[in-house]
Amino acid sequence: MCTGMWTAGGGGQGGAQLLEREDGGVEVLGSEAGPLGNSLVTLPVQVRGGVDLEQQALNRRRRRALTRAGLRDRGPSKRFRGCGRTIISTDAMVEVKVAEGVGHYCGLMTCGLVWVCPVCSAKIRHERSREVERGLTAALDLGYGIEFLTLTLRHHLGHRLRDLFGLAQKAWAAMRVDKSFRALMARFGLRFITVREVTYGPVNGWHPHFHLAVVTWGVLTDAERAEVEEGFWRAWSHQLERVGLDAERGPGVLLKPCTSTDGLASYLCKVGGDDGQMKPAAMELVRADLKRGKSGHRNPEEIAEDFVDTGDLADLALLQEYWAATKGRQMMTWSNGLKAELLADEVERTDEELAALERGGEVLMKIGRRAWGRVLDLDLAVHVLEVAEQGGREGLVALMRLVAPDDWWYTVQPAEAALNEGGGL
């Protein structure tokens, strides 16, 4: 029994329909004039891998790709609309590659919009979290202490996100030039890696907040930690009052110690989460995209997913407000000189460069422009990667012979010249 159908609308001769069955199988139905005739062709197991609806729900990569596709016509920029679709390679071919068992494309445009694109955001945050992990490891090697800090503020449904974000940033900037707080910074050698994060709740609206990895001259005692937290609270609450906001004592400033673990995770900083479990500090600091909201609160990725699933225009309005409020803002910043000290040998990379970062691996197939258009028309971009991971070249050939039999694509053999497996242009 069929549960879903996709129809090809790309270039090339013939047409095809992909039918998804309840058992997770996929069948390809050719048009009368097409090369498949009227026959019903069942894709082999290695081609069907990963299309089961239950698996889709658990697959974050597929979920992000589906969300990006669902937002494409609503997105805030041309860059976003071309992300993961537009071919930019010099030979006008899309490479399908596998590195350490994970499939990816090479030769496609990436937007690098960390606040907008769920796919690029995940790549950027992943690389930034690894960057933070290396930095915190270096800090512990040098004998520094690490604390995890959260700064929040009171907010309500009447607040616009642009106003809240701007005022919170103004208060944070004023803190760091305040005379008494600078004395606290000098005494304990406080320097920061600051990450900006936003959630939305049905009762109190937008909730912008800051997560900080605080680097200190040495590991703090309990008494010193209490003194530092009190100093943060006084400075933060004072500066919020100056911009017309306030915070609640306790949730407004939360300071937690980070510890190092032994063995293979040596010097990997961890911080206690709200659930009492120890989590990598770099992940807790940067990977907002992996966190799920609590008590009805949603992060922007969840809002985007809900809009794509339901078409609720109220969620679209929230997304558009979020995109406008975060435009031009940095997701993560380091105190002056801290990154240069801890990661002296690393080259600074922009978000756009991280999103476009080449991950290497083995090239299994190259897909021409028309064949790639058919893959997009059938919404098979993620599925092609799953086939590459599970079925290798054989699976890709089986899939492309059905999807784009008359368009240009070919497998790339290891240590051999490329062999043409598809038709001509």
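The values are calculated or read from the model by the stated rules, or taken from the named source; none is laboratory data. All values reported here derive from a predicted model rather than from experimental measurement. Cβ: placed from backbone, ideal geometry, glycine included. Neighbour counts: every protein chain shown.
Wholly within region 290-402, which helices (runs of 4 or more DSSP H) include no fewer than the required count, namely at least 3 residues that are aromatic (Phe, Trp, Tyr), at pLDDT below 95 and under 21 Å from Gly84 (Cβ atoms)? Don't jump to the end; show me each part of the working.
On the way: elements: 300-310, 313-326, 338-342, 351-355, 369-377.
Result: empty, no element qualifies.
In this structure, does Ala314 turn out to be among the small types (Gly, Ala, Ser), farther than 20 Å from Met109 by Cβ and surrounded by 13 or more Cβ atoms within 10 Å (Cβ to Cβ)?
Numbers: among the small types (Gly, Ala, Ser): yes; farther than 20 Å from Met109 by Cβ: yes; surrounded by 13 or more Cβ atoms within 10 Å (Cβ to Cβ): no.
No.
Name the pairs: first residue in region 336-358 and among the acidic types (Asp, Glu), second residue at pLDDT 90 or above, Cβ to Cβ under 6 Å, at least 6 apart or on different chains?
Within 6 Å, the pairs are Asp351/Gly112; Asp351/Val114; Asp351/Ile124; Glu352/Gly112.
Does region 395-407 contain at least one residue that is on the phi > 0 side of the Ramachandran plot and in contact (Cβ under 8 Å) with a residue 40 or more places away in the chain?
So far as region 395-407 goes, no, none of its residues is on the phi > 0 side of the Ramachandran plot and in contact (Cβ under 8 Å) with a residue 40 or more places away in the chain.
Across region 106-128, what is the number of residues that are assigned to a strand (DSSP E or B) and under 17 Å from Arg63 (Cα atoms)?
Number of matching residues: 0.
Here is a list of conditions, (1) buried (at least 24 other Cβ atoms within 10 Å of the Cβ); (2) at pLDDT below 90, and Cys117 meets all of them except one; can you say which number that is?
Failed condition: (2).
Checking the structure you have, find out if any residue of region 141-155 is surrounded by 17 or more Cβ atoms within 10 Å (Cβ to Cβ), assigned to a helix (DSSP H, G or I) and out of contact with any Pro (no Cβ under 6 Å at 6 or more places or on another chain).
No: zero hits.
Looking only at region 135-166, which residues are touching a helix residue (DSSP H, G or I) at 6+ places or on another chain (Cβ under 8 Å) and over 28 Å from Gly231 (Cβ atoms)?
Matches in region 135-166: Arg160, Leu161, Arg162.
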